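Here's the structure we're looking at; comments come further down.
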Amino acid sequence: DDFFFDPGYRNLIGANRAGETGVVVNLVVGREIASLPLPGMPHLGSGISWLRDGHRLMAVPHLNEGRISIIDMTDWSLLKVIETAGPGFFLRSHANAPEIWADVFAGPNKGKMHLIDKQSLDVVAVLEPEPGKTVAHTEFTRDGSRALVSIWEDDGAVVVFDAVSHAELMRLPMRKPSGKYNVWNK
């Protein structure tokens, strides 16, 4: 139901949203090479990857559980499960940003955004720019210095944060801003 390619497009990770596992298929040899425990409806399409200590890691949110799975793509092992305040939908980061920005898209904590250090894999901050309103879909500026976060409501906004200090720099009022797409970061 949902997929993620590694950066070289040699491996494809897929998950059945009703299942409990993710499957890694090597596209060169044409067969499954690993299976990962990924319960809670993983949203692989929102996964991100980065380098840490010579290993490519991947993070994926779970749509039915307040958790983010961290996978070591070198050996396809589950490295860590990070508990969050609720189910998330979008993960984003940037090569120049120190953290993963992970929303809580549903439930009573839908206004929270977890910032996870890409080196320690710990939650280092939880932002709540508009308590009680859905906060989602972070996107970064081309240079990674700013994080743009949607308040996904009819009386919403795009909130601009400094990606390092996490200070709110400005708000641009908008009606239910669903996404911001930066072609330089894709």
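The values are calculated or read from the model by the stated rules, or taken from the named source; none is laboratory data. Everything quoted here is computed from the prediction, not taken from an experiment. Reconstructed Cβ throughout: ideal geometry from the backbone, glycine too, with neighbour counts over all protein chains shown. All accessible areas refer to the heavy atoms of the entire protein, side chains included, with ligands and DNA or RNA removed. Shrake-Rupley method; radii C 1.70, N 1.55, O 1.52, S 1.80 Å.
Key figures
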item	result
Verdict on Trp50 being of a type outside the set (S, T, N, Q), at pLDDT 95 or above, on the phi > 0 side of the Ramachandran plot and out of contact with any Phe, Trp or Tyr (no Cβ under 9 Å at 6 or more places or on another chain)	no
Subset of region 137-163 [under 26 Å from Ile71 (Cβ atoms) and in contact with a Gly (Cβ under 9 Å, 6 or more places away or on another chain)]	His137, Glu139, Ala163
Pick from region 127-142, criterion at pLDDT below 95 and open to solvent by 60 Å² or more (accessible area, probe 1.4 Å), ranking: nearest to Phe89 (Cα to Cα)	Pro131
Hits in region 145-157 (condition: among the hydrophobic types (A, V, I, L, M, F, W, C) and either open to solvent by less than 10 Å² (accessible area, probe 1.4 Å) or assigned to a strand (DSSP E or B) (or both))	Ala147, Leu148, Val149, Ile151, Ala157
Lys112, sole failed condition from (1) of a type in the set (D, E, K, R); (2) open to solvent by 20 Å² or more (accessible area, probe 1.4 Å); (3) more than 18 Å from Val135 (Cβ to Cβ)	(3)
Among (1) in contact with a His (Cβ under 9 Å, 6 or more places away or on another chain); (2) modelled with pLDDT of 95 or more, the one test that Gly88 misses	(2)
Test: residue in region 97-109 that is under 16 Å from Arg67 (Cβ atoms), surrounded by 17 or more Cβ atoms within 10 Å (Cβ to Cβ) and over 12 Å from the mean Cα position of the chain (by Cα)	yes
Test: residue in region 69-86 that is of a type in the set (Gly, Ala, Ser) and either open to solvent by 50 Å² or more (accessible area, probe 1.4 Å) or in contact with a Ser or Thr (Cβ under 6 Å, 6 or more places away or on another chain) (or both)	no
Residue check for Val160: farther than 26 Å from His55 by Cβ, in contact (Cβ under 8 Å) with a residue 12 or more places away in the chain and either surrounded by fewer than 22 Cβ atoms within 10 Å (Cβ to Cβ) or not basic (Lys, Arg) (or both)	yes
Region 130-157 residues that are within 19 Å of Ala106 (Cβ to Cβ), paired with ones that are hydroxyl-bearing (Ser, Thr, Tyr) (beta carbon under 6 Å, 6 or more apart)	Ala136/Ser150; His137/Ser150; Val149/Thr138; Trp152/Thr134
Condition met for Asp6 (touching a residue at least 60 places away in the same chain (Cβ under 8 Å) and among the acidic types (Asp, Glu))	yes
